[in-house]
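Engineer: Structure in structure tokens, see below.
The values are calculated or read from the model by the stated rules, or taken from the named source; none is laboratory data. Only a predicted model underlies this, so the values are computations on that prediction, with no experimental measurement involved. Every residue, glycine as well, gets a Cβ built from its backbone with ideal geometry; the counts of neighbours run over all protein chains shown. Heads up: the accessible areas ignore ligands, DNA and RNA and are worked out on the full protein's heavy atoms, side chains in. Shrake-Rupley method; radii C 1.70, N 1.55, O 1.52, S 1.80 Å.
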Amino acid sequence: MTGNQSLIRDERMGIKLYKDTKLDRPDLVCGWPGIGKIGIMAIDYLRRAIAAEELGEIEPWDFFEPRKVTIRDGLLKDLEFPTNKFYYQRLRKRDLLLFIGEEQPAEGARFYATGEKAYGMANLVLDIAEKFGCQRVYTSGAAVTQTHHTLKPKVWAVPNSEDLVDEVRDYENTVLMSEIEGRRGQGAITGLNGLLLGVAKKRGIKALCLMGEIPYYLHGSPWPYPKASISVLEVLASTLGIDIDLIPLEEMARKIDESIEQFLGSLYEAEAIPSPIRNQIKESIEKMKHVRESPGPITDEDQKRIMEHIDEFFKRGKKGDERAG
């Protein structure tokens, strides 16, 4: 909160609003960290593209441990927590609310939001949605699947209302998760993305999760995956009726692609991995280039076995970076 912002304490515990803003039936778009940073990168890019202004935040005390404790002259001066902020902008066709969380409130050693803390945060987010009369809620994340990094990622969509199904079928480059071959109408969304859809349904608020595809062999990589964020943003821009300049994100995606190619080149030559396994990994990843013509080119068992070696390779690379640092 900047110095010229006046604090407005909302009647709901744990929420601070900086402004008494009036919005006209806005949509709410939410983003959190996750695989490839696909969701949070898309929503934060949207925030900057529309020059959204800070509206408020969810206070962190009940959800997170401090990330940093600052002590000066033997005295505690500051506690640094992950931020969870609301933003807003009045656009030509509609008003828009955004919620961006730096972390998901997890319990134990879990990375994704679970338990009472997650449920509590989901309800606080929707409290603000209801306060401002939001008509729809969007969340965004990653869809780990058999695809190739040179292919344009599709967007998997999960609505919480039958009323949204036909609309989603008209979105470009988008598939309903329930209609993807081999899933038999089933699927799961981890963390707050899935939880928010369920809580919104319980409150009678229509919601939609948009997940950008990321190749299974990159889900544990140290890089973000902006190519999937671009696909998500294209769907959001079309749905919300806004124009977004994606050139900077496309340039970032090009550089990440170069890093992926270098990584795969090192992986295919890694002496620590037996030669037959290296050849199988290379063959399997190359098959992903044709996944659109022949879905499911490798079995789940093969994928699991391949990922054991790729994950170990990532871990060795990370340890090497730490030693070099």
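Engineer: So how exposed is R90, as accessible area in Å² (1.4 Å probe, rounded to 10)?
Structural biologist: 120 Å²
Engineer: Where does the charge balance sit around A142 when Lys and Arg score +1, Asp and Glu -1, over other residues with C-beta under 14 Å from its C-beta?
Structural biologist: Around A142, the surrounding residues sum to +2.
Engineer: Then there's this: Any idea of S266's accessible area? Nearest 10 Å², probe 1.4 Å.
Structural biologist: Per-residue accessible area (S266): approximately 60 Å².
Engineer: Can you work out the Karplus-derived ³J(HN,Hα) for every residue in region 245-259? Use 6.51 cos²θ - 1.76 cosθ + 1.60 with θ = phi - 60°, whole Hz, and x for glycine or proline.
Structural biologist: Coupling constants for region 245-259: 7, 9, 4, x, 5, 5, 5, 4, 4, 4, 5, 5, 4, 5, 5 Hz.
Engineer: Oh, and also: How high is the relative contact order of region 8-245, in percent, with contacts defined as C-alpha pairs under 8 Å that are six or more residues apart?
Structural biologist: 25 percent
Engineer: Here's a follow-up. Under the Karplus relation 6.51 cos²θ - 1.76 cosθ + 1.60, θ = phi - 60°, what is the ordered set of whole-Hz ³J(HN,Hα) values for region 270-278, x standing for Gly and Pro?
Structural biologist: 5, 5, 5, 9, x, 4, x, 5, 4
Engineer: Using a 1.4 Å probe and ignoring any ligands, DNA or RNA, find the accessible area of R94 and quote it in Å² to the nearest 10.
Structural biologist: Its accessible surface works out to 80 Å², give or take rounding.
Engineer: Between D20 and E283, how many nm apart are label points set 7 Å from Cα along the C-beta direction?
Structural biologist: Going from the D20 label point to the E283 one covers 7.1 nm.
Engineer: Calculate, for region 8-245, the solvent-accessible area per residue in square angstrom, rolling a 1.4 angstrom probe over the heavy atoms of the protein chains.
Structural biologist: Per-residue value: 46 Å².
Engineer: Say the cut-off is 27 Å between C-alpha atoms; which of K131/K201; K117/K315; K154/K287; K22/K93; K68/K202 go over it? Walk me through the numbers on the way to the answer.
Structural biologist: Working: K131/K201 17 Å; K117/K315 30 Å; K154/K287 18 Å; K22/K93 16 Å; K68/K202 36 Å.
Violating the 27 Å Cα-Cα cut-off are K117/K315; K68/K202.
Engineer: Mind ordering 98-106, 254-262 by average Cβ neighbours within 10 Å, highest first?
Structural biologist: Final packing ranking: 98-106, 254-262.
Engineer: Would you mind checking which residues have amide H under 5 Å from R136's amide H? H placed 1.01 Å from N; only 5 or more apart, or other chain.
Structural biologist: Distant-sequence amide H within range of R136: L28.
Engineer: Enumerate the amide H contacts of T145 below 5 Å, restricted to partners 5 or more residues apart or on another chain; note that Pro and chain-start residues carry no placed amide H.
Structural biologist: Amide H neighbours of T145, under 5 Å, 5+ apart: I214, Y216.
Engineer: Still on this structure: What are the ³J(HN,Hα) couplings of region 301-306, residue after residue, when phi is run through the Karplus curve with 6.51, -1.76, 1.60 and θ = phi - 60°? Round to Hz, x for glycine and proline.
Structural biologist: 5, 4, 4, 4, 5, 5
Engineer: What's the FRET efficiency of S259 with L79 using the Cβ-Cβ distance as r and R₀ = 35 Å, to the nearest 0.05?
Structural biologist: Values: r = 35 Å, r/R0 = 1.00.
That gives a FRET efficiency of 0.50.
Engineer: Also, I was wondering about something else. Can you tell me how region 131-241 classifies by the Cα gyration tensor, rounded, prolate or oblate, using a/c under 1.5 as the rounded cut?
Structural biologist: Verdict is prolate for region 131-241.
Engineer: Sort 277-289, 300-312 by the packing proxy (mean of other Cβ within 10 Å over each peptide's residues), most packed first.
Structural biologist: 277-289, 300-312
Engineer: Can you give the FRET efficiency for A237 and L151, using 1/(1 + (r/R0)^6), R0 = 22 Å, r = Cβ-Cβ distance, to the nearest 0.05?
Structural biologist: Working: r = 21 Å, r/R0 = 0.94.
FRET efficiency, A237 to L151: 0.60.
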